[in-house]
1. Taking the criterion of being open to solvent by 70 Å² or more (accessible area, probe 1.4 Å), touching a Phe, Trp or Tyr at 6+ places or on another chain (Cβ under 8 Å) and either within 30 Å of ARG57 (Cβ to Cβ) or not acidic (Asp, Glu) (or both), would at least one residue in the range 145-159 satisfy it?
2. If only one of SER45, SER90 is at pLDDT 85 or above, surrounded by fewer than 14 Cβ atoms within 10 Å (Cβ to Cβ) and hydroxyl-bearing (Ser, Thr, Tyr), which one is it?
3. Any chance the range 188-196 includes a residue that's of a type outside the set (Phe, Trp, Tyr) and buried (at least 20 other Cβ atoms within 10 Å of the Cβ)?
4. Run down ALA180, ALA212 and say which single residue is open to solvent by less than 20 Å² (accessible area, probe 1.4 Å), of a type outside the set (Lys, Arg) and more than 20 Å from PRO85 (Cα to Cα).
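The values are calculated or read from the model by the stated rules, or taken from the named source; none is laboratory data. Just so it is clear, the model here is predicted, and its values are computed rather than measured. Heads up, the Cβs are rebuilt from the backbone with ideal geometry, glycines too, and the neighbour counts pull from every protein chain shown. Accessible surface is based on the protein model in full, side chains and every heavy atom, while ligands, DNA and RNA are left aside. Shrake-Rupley method; radii C 1.70, N 1.55, O 1.52, S 1.80 Å.
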Amino acid sequence: MEPRRDNTGNRRGRRSREEILEVASRLMAERGYAATTLSELSRESGLPKSAVYHHFRSKGGLLSAVMEHGAYAFFQHMARAQQHPPREGSARERLGWYLRRTGEVFLANPDFLRLHLILVMNAEAAEAAEVERIIERVRRDGRAHMNHMIADSFAEYGPEIAQTVADRLDYFAIAGFDGAFVAWQADPSRSMAEAMDLLTDAVAALGESMAAGLRP
């Protein structure tokens, strides 16, 4: 008989890696990348610095893993929240359904989004070139997702018009999301749902005007 393989060490290693990622995500989102030290990370997680180096090699490698992990989880949440979009209703109603659920995902994942915007707006991650690539990919994937939401909402106008509207408005809508999240961070009493309704009104009005002009 073959000896039974002991996976206890592997499970413990995966658990410590997840614990480091969770604590690092929170600390970096609260303080920024530069202000988060490995000593603080060790103290908060209860794991030695050697565990960080074992799993991530460097602080830059840890940041890369935090962003990779956060982006994967964020888009997984987004996909689950928007599994069954409505097929009936106006473009404004369908877009409102998408944006309200996206706002809910934002509120459920504030650490990742906060850290993402911190990194977008400064050069803290300069020592980790791979982080810049991850940030670019997150922005690209986010814009592609917004493009899909807008195009699907305007499907009643036909695929070509719907896609043209989406291509013209996806960047504007992403900027609206970023602004709404920053405003909520500055003043948590502000309603993200209300911000999403206002963004829906703006994008829907612009899109309907564009669609009307594009019709033969």
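1. No, because not a single residue in the range 145-159 is open to solvent by 70 Å² or more (accessible area, probe 1.4 Å), touching a Phe, Trp or Tyr at 6+ places or on another chain (Cβ under 8 Å) and either within 30 Å of ARG57 (Cβ to Cβ) or not acidic (Asp, Glu) (or both).
2. On the way: SER45 fails: surrounded by fewer than 14 Cβ atoms within 10 Å (Cβ to Cβ).
The unique qualifying residue is SER90.
3. Checked against the condition, which is being of a type outside the set (Phe, Trp, Tyr) and buried (at least 20 other Cβ atoms within 10 Å of the Cβ), the range 188-196 yields at least one hit.
4. ALA180
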